[in-house]
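*Asks:* Below you'll find the structure I mean.
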Ligand code: PRP
């Protein structure tokens, strides 16, 4: 039987997942010595694929990867045509609305401009608020937008709060908590049910030992 294929979000989530797989007993030597290789064996029953967050979802949705590890932020922004089976507990941060310190974001009736890397999340968040909002998509360092006068506020990820603080911004409202999730392709879960369920159970157990 070919190994199960798991897409990992490159970077911190990749490292935390590898640490978790090693606690289960998987041999992650190839990942540690990966060089520029992107598909790596982890023991003989699993292989990992290293990808950008949104691409992890694409690969799992299309079934070319059976499983994936991706942040809830990317899931909320990019769709859910897969099973989200486990909150892995790491990669914890939150989505927040943030604005220049002391600015009265919700005051008055003027329209507001929001800069964000996550337009779908931002739109959903503002849906329940009767406000006139314009959204501008930014690709990174979103904190720049209010500093440059492009937007009144941002919807972004806050982890330690340092980036906001060092740029004179503050959280106006927390939107929701975020952490890494294990996702599974819907067909894979049917076709390789026993193997996947065993792996998920192992990961759930190893997560408690962190
Ligand atoms: C994220 C996020 C914030 C920062 C928050 O950016 O967009 O800018 O981290 O972290 P903090 O609260 O600990 O300061 P990331 O580093 O992923 O890069 P990006 O700005 O290019 O998206």
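*Asks:* Would you mind checking the radius of gyration and Dmax of the chain based on alpha-carbon positions, in Å?
*Replies:* Expressed in Å, the Cα Rg and Dmax of the chain come to 19.4, 63.
*Asks:* Is it possible to state the helix-based mean residue ellipticity at 222 nm for the chain, with each DSSP H run of 4+ residues giving -39500 (n - 2.57), the sum divided by total residues, to the nearest 500 deg cm²/dmol? What is it?
*Replies:* -9500 deg cm²/dmol
*Asks:* Turning to a different aspect of this structure: On a 0 to 90° scale, report how tilted helix 193-208 is relative to the longest principal axis of the chain, with both axes built from alpha carbons and the result rounded to the nearest 10.
*Replies:* It works out to around 60 degrees.
*Asks:* Counting only DSSP beta bridges with both residues in region 93-177, tell me the antiparallel percent, nearest 5.
*Replies:* 60
*Asks:* Which angle between 0 and 90 degrees, to the nearest 10, do you get for helix 12-24 versus the longest principal axis of the chain when only C-alpha atoms count?
*Replies:* Relative to the chain, helix 12-24 is tipped by roughly 30 degrees.
*Asks:* Another question, if that's okay. How big is region 101-210 by the Kirkwood estimate over distinct Cα pairs, in Å?
*Replies:* 16.9
*Asks:* Write down the percent of antiparallel bridges among all DSSP beta bridges whose residues are both part of region 1-61, to the nearest 5.
*Replies:* Counting DSSP beta bridges with both partners in region 1-61, the antiparallel share is about 40 percent.
*Asks:* Using all alpha carbons of region 13-73, what is the percent of pairwise distances in each 5 Å bin, ordered from the shortest bin to the longest?
*Replies:* Histogram of Cα-Cα distances, whole percents per bin: 4, 18, 28, 27, 17, 6, 0.
*Asks:* If packing is taken as the average count of other Cβ atoms within 10 Å, what order do 99-106, 49-56 fall into, highest mean first? Please report the intermediate quantities before stating the final value.
*Replies:* Working: 99-106: 13.5, 49-56: 19.5.
In descending order of packing, they fall as 49-56, 99-106.
*Asks:* Nearest-5 percent of antiparallel DSSP beta bridges in the chain?
*Replies:* Of the beta bridges lying entirely in the chain, close to 60 percent run antiparallel.
*Asks:* Here is a further query. Binned at 5 Å from 0, what are the whole-percent values of the Cα-Cα distance distribution for region 67-161, short to long?
*Replies:* It works out to 2, 12, 22, 22, 18, 11, 7, 4, 1, 0, in whole percents.
No lab work stands behind these numbers, since they all come straight from the coordinates. All values reported here derive from a predicted model rather than from experimental measurement. Positions of Cβ are backbone-derived with ideal geometry, glycine not excepted, and every protein chain shown enters the neighbour counts.
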